[in-house]
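Chemist: Quick one: the structure is below, and I'll ask about it shortly.
The values are calculated or read from the model by the stated rules, or taken from the named source; none is laboratory data. Since we're looking at a predicted model, the values are computed, not measured. When we count neighbours, we look across all protein chains shown, and the Cβ atoms used for this are built from the backbone with ideal geometry, even at glycine. With ligands, DNA and RNA removed, areas are computed over all heavy atoms of the protein, side chains included. Shrake-Rupley method; radii C 1.70, N 1.55, O 1.52, S 1.80 Å.
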Amino acid sequence: MQAAQQGAPVAAQDGAIGRLRARITARAQAWAWRNEKPAREPVQLHRRRVYILPTGAGLLFAAVLVCMLVGSINYQLGLGYLFTFLVGAVGVVAMHRTHDNLLGLSIDCSETRPAHAGGDAGFVLRLSNPHRHTRAGLRISLDGQVLAEDVHLQPGESRDLLITLPAPRRGWLAAPRLRIDTVFPLGMFRAWSYYWTAQRALVYPALSATAAPPGGLGKGAGASRSGSGQDAFSHVTPYQAGEDVRRLHWRAFARDQLALRVHEGEAGEENVFRLDSLLPDVPLEEALSRLATAVVRSDQRRARFALVLGSETPVMSSGEAHRHACLARLATYGLSSYGLDPADAATERRA
């Protein structure tokens, strides 16, 4: 009991020191980044963007060198001087090599990958090595969490890295400031830099267990199914931009005509999903989730569908492009260009 009582103040003191250290670090970073803006173009790491400090192993190495130098001076050892300065030269070369491992590296966010709320959105980072030496042991992290490690780049090589980040809510997910660092080759020094892209990933509404029912002007999901239940070929329809090219009718294509095959199980399946058919009985976010689920399921059935969020005229289509356009409208419905609620967006602009 007495040991537990004595350990409690020590734990509280350690927690207070940790919070103070985190606060000082956050304020120092905010001051250092006060004039930095997100990059819209590829960023090349020049000398003013690369920082370097010794690691714990590097400090131990320096202490050993000091002891070796003191011993050589005290005992007037010529070979001791030689060995001390030789080992010290190795440390200096390692410092320059660690710094050069990041210097000149080009970083760009080549694309983003959308996700549903509650999932992980993706940012594809393209690392390019324009120099003639190999870059090894690169690591990308966010707030201490390693996102990619042990990345190697040969001379002239470019590599794409998929960085996934949690997407808690629908809208636009802004990319955070990422840290790229290395301790190559000897681990005695750590060089690091930061990359902050202006790219944003689109976050669709979360999928619901219940899909929104079609409402009005649609033929339904089975309006002309055959009595046999087999998906036999029915007819062809003209191809429209964004529709699934896997359904192309190749005989028509051979005659320089773009047409899609329609099977009896799909014939006439046209659904219109309306937001006003769910409101106000269903909360807005749940209604958007049900509409997103209906869109995804209709696309999986390769059906033609339309999404109506207001008083616009339904646009009936199918395919991946149409699915993305509908989900994007659901993702940004009622949000500002910042991807936030209007009140949160005003606070973000003032900040």
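Chemist: Between Cys109 and residues 5 or more places away or on another chain, which pairs have amide H atoms under 5 Å apart, with H built 1.01 Å from N, and which residues are they?
Modeler: Result for Cys109 returns Arg126.
Chemist: Quick check on segment 53-93: take the gyration tensor over C-alpha atoms, sort the square-rooted eigenvalues as a ≥ b ≥ c, and tell me if it's rounded (a/c under 1.5), prolate or oblate.
Modeler: oblate
Chemist: Separate question: Starting from the Kirkwood Rh over alpha-carbon pairs, what translational D in µm² s⁻¹ does segment 106-182 have by Stokes-Einstein at 4 °C and 1.567 mPa s?
Modeler: It diffuses with D of about 97 µm²/s by this estimate.
Chemist: Taking θ as phi - 60°, what are the ³J(HN,Hα) couplings along segment 176-186 by the Karplus curve (6.51, -1.76, 1.60), each to the nearest whole Hz, with x for Gly and Pro?
Modeler: x, 7, 9, 10, 10, 9, 7, 10, 5, x, 10
Chemist: For a quick check: with amide H placed at 1.01 Å from N, whose amide H comes under 5 Å from Ala121's, ignoring anything fewer than 5 positions away on the same chain?
Modeler: Leu165, Ala167
Chemist: May I ask you to order 78-84, 291-297 by the average number of other C-beta atoms within 10 Å around their residues, highest value first?
Modeler: Averaged packing, sorted descending, gives the order 291-297, 78-84.
Chemist: Quick check on packing: order 193-206, 114-127 by the mean number of other C-beta atoms within 10 Å, highest mean leading.
Modeler: 193-206, 114-127
Chemist: Shifting gears a bit: Once R0 is set to 51 Å, what does the formula 1/(1 + (r/R0)^6) return for the Cβ-Cβ distance between Asp276 and Leu65, expressed as a FRET efficiency to the nearest 0.05?
Modeler: 0.10
Chemist: Another question about this same structure. Check each of the trypsin sites (Lys or Arg not before Pro) in segment 22-79 and keep only those in coil by DSSP with at most 15 other C-beta atoms within 10 angstrom; list them in order.
Modeler: Arg34, Arg40
Chemist: A follow-up question, please. Put His322, His46 in order of accessible area, largest first, 1.4 Å probe: what do you get?
Modeler: Descending order: His46, His322.
Chemist: Could you compute how fast segment 10-126 diffuses translationally, taking Rh as the Kirkwood radius over C-alpha pairs and applying Stokes-Einstein at 25 °C with viscosity 0.890 mPa s? Give it in µm² per second.
Modeler: 127 µm²/s
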